[in-house]
Amino acid sequence: MIKIEKGIASVTDGERVLVVDRSGRLLIYSNGRETFRRSLFNQFLKVGYRDGERNVALLNERDAKLVALEAYDFLREFKADLSFFIPNIDDLGWDFLLKDSERLFKIYKSPVPIVPPDQYFPVYIQITVGCAWNRCTFCHLYRDQRYSVVEEKELIEMIKGLIDYFGPSLPSRRSVFIGDANALLIDHERLLKYLKIINNVFNLPIYSFVDAFLTPEKLRNRDLETIKKLGVERVYFGVESGSEKVLKLLNKPMKIDEAVEFINSFKNSGMNVGLIFLAGAGGKEYWEEHVKKSSEFVSRIELDRKDIIYVSPLHEYRDLPYWNTSERLGRLRAQEKLKQFREMKQKIREEYLEVNQKDLQAPVVLYDITESVY
Ligand code: SF4
């Protein structure tokens, strides 16, 4: 069976399922036993479930290649009916995917390290490179990256490059994600100008990460309303923890009251929010404090069903400063982080109900940073 919709073709024989875009890029393949997702930068993820929770692993190149070849062989079983939609169907294979990702590397100033879990199919526009803070002790995302804001002419070149890159599959992109970290932090006039350009070209809902500790004084309510009018639908906050003690260990200088007020001002301006917490932050020593204060934090945000709360298991890296801290505090094992996620989910719901006298409508979802590839 073949289904074609908005620049995407899905094919299935009842067991196997393959999703490709109109340019022939492999997006998702399931052989009936295992499911794989490919990022535009040619990373292959095996997605499954363990202990009732989503489990994701990055494939090595040899295994990724085997998956790609199997998927494209399957696709060619539908060649007679698909050639009109994917004219290059005979050329699809590993070399095609490698060349395709090389094109993307040339468009961006640096590879895209992360997108939120619900933003796998956006057009990513890099208006900043790296992170203006870049000092959180656990974060490896932009470690070697010098922070910069792209010039207007670079933005226009990037947009042209992306339109050319996506070609006939552009309609398969459902949103625009502006990055990298804290893209909304840039000079406000410049931000509005960039949003206008992006909105005029793509006319798609816009999403972005924002940090609640660098940005507050720079964005006032009135500015947020303009941002909303220019297409920004949802912003994602790396809250990490509702405990200032835990945040201090992470070297994230966020003031809780200020962050609550700031996040609520996005809600008041009509935007949705994504709140991201870290399972395992503060180790065994701060387990209770982290869960309790994070639940209290959520209960102070005016959330509805369009918002989302993510809990991401913290990955500790030996070469980052937080490694020694986590050693001292008692690092949680993977199963313990999962346990903390479940506990946090329950506490968040209970606290929200108690404080607001209504059920929390926003989902509380586990997500693994491994999966957050573009
Ligand atoms: S966690 Fe966010 S604010 Fe901290 S260094 Fe990483 S990207 Fe920057």
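Couple of notes before you dig in:
- The set of residues in region 94-121 that are out of contact with any His (no Cβ under 9 Å at 6 or more places or on another chain), more than 18 Å from Ser169 (Cα to Cα), not in a helix (DSSP H, G or I) and not aromatic (Phe, Trp, Tyr) comprises Lys109, Ser110, Pro111, Val112, Ile114, Val115, Pro116, Pro117, Asp118.
- When region 176-213 is limited to residues that are in a helix (DSSP H, G or I) and of a type in the set (Val, Ile, Thr), the one that is surrounded by the most Cβ atoms within 10 Å (Cβ to Cβ) turns out to be Ile198.
- Qualifying residues in region 166-175 (those that are surrounded by 18 or more Cβ atoms within 10 Å (Cβ to Cβ) and outside any loop (DSSP other than H, G, I, E, B)) - the one nearest to the chain's Cα centre (by Cα): Ser175
- Taken together, the residues in region 258-278 that are within 15 Å of Val365 (Cα to Cα) and out of contact with any His (no Cβ under 9 Å at 6 or more places or on another chain) amount to 4.
- Just one of the numbered conditions (1) touching a Phe, Trp or Tyr at 6+ places or on another chain (Cβ under 7 Å); (2) under 28 Å from Val20 (Cβ atoms); (3) within 12 Å of the ligand (Cβ to nearest atom) is not true of Ile114: (1).
- Residue tally, condition among the aliphatic types (A, V, I, L, M) and more than 27 Å from Lys245 (Cα to Cα), over region 116-148: 4
- Taking the criterion of being within 13 Å of the ligand (Cβ to nearest atom) and either surrounded by fewer than 22 Cβ atoms within 10 Å (Cβ to Cβ) or part of a helix (DSSP H, G or I) (or both), the residues of region 250-268 that qualify are Asn251, Pro253, Ala259.
- Residue among Cys139, Cys131 that is in contact (Cβ under 8 Å) with a residue 40 or more places away in the chain, buried (at least 20 other Cβ atoms within 10 Å of the Cβ) and under 22 Å from Ser175 (Cβ atoms): Cys131
- Residue match in region 62-70 (condition: surrounded by 16 or more Cβ atoms within 10 Å (Cβ to Cβ) and assigned to a strand (DSSP E or B)): no
- Only one of Val239, Val235, Val246 that is in contact with a strand residue (DSSP E or B) (Cβ under 8 Å, 6 or more places away or on another chain), part of a helix (DSSP H, G or I) and either more than 16 Å from the ligand (Cβ to nearest atom) or modelled with pLDDT of 95 or more (or both): Val246
- Selection of region 71-100 for residues being surrounded by fewer than 13 Cβ atoms within 10 Å (Cβ to Cβ) and aromatic (Phe, Trp, Tyr) yields only Phe84.
- Count of residues meeting criterion [within 12 Å of the ligand (Cβ to nearest atom), touching a Leu at 6+ places or on another chain (Cβ under 8 Å) and either on the phi > 0 side of the Ramachandran plot or assigned to a strand (DSSP E or B) (or both)] in region 122-152: 1
- Here Leu104, Leu155 are screened, and the one residue that is more than 16 Å from the ligand (Cβ to nearest atom), among the aliphatic types (A, V, I, L, M) and at pLDDT below 95 is Leu104.
The values are calculated or read from the model by the stated rules, or taken from the named source; none is laboratory data. If you're wondering where the values come from, they're calculated on a predicted model, not measured in any experiment. Ideal geometry is used to build each Cβ from the backbone, glycine not excepted, and the neighbour counts take in all protein chains shown.
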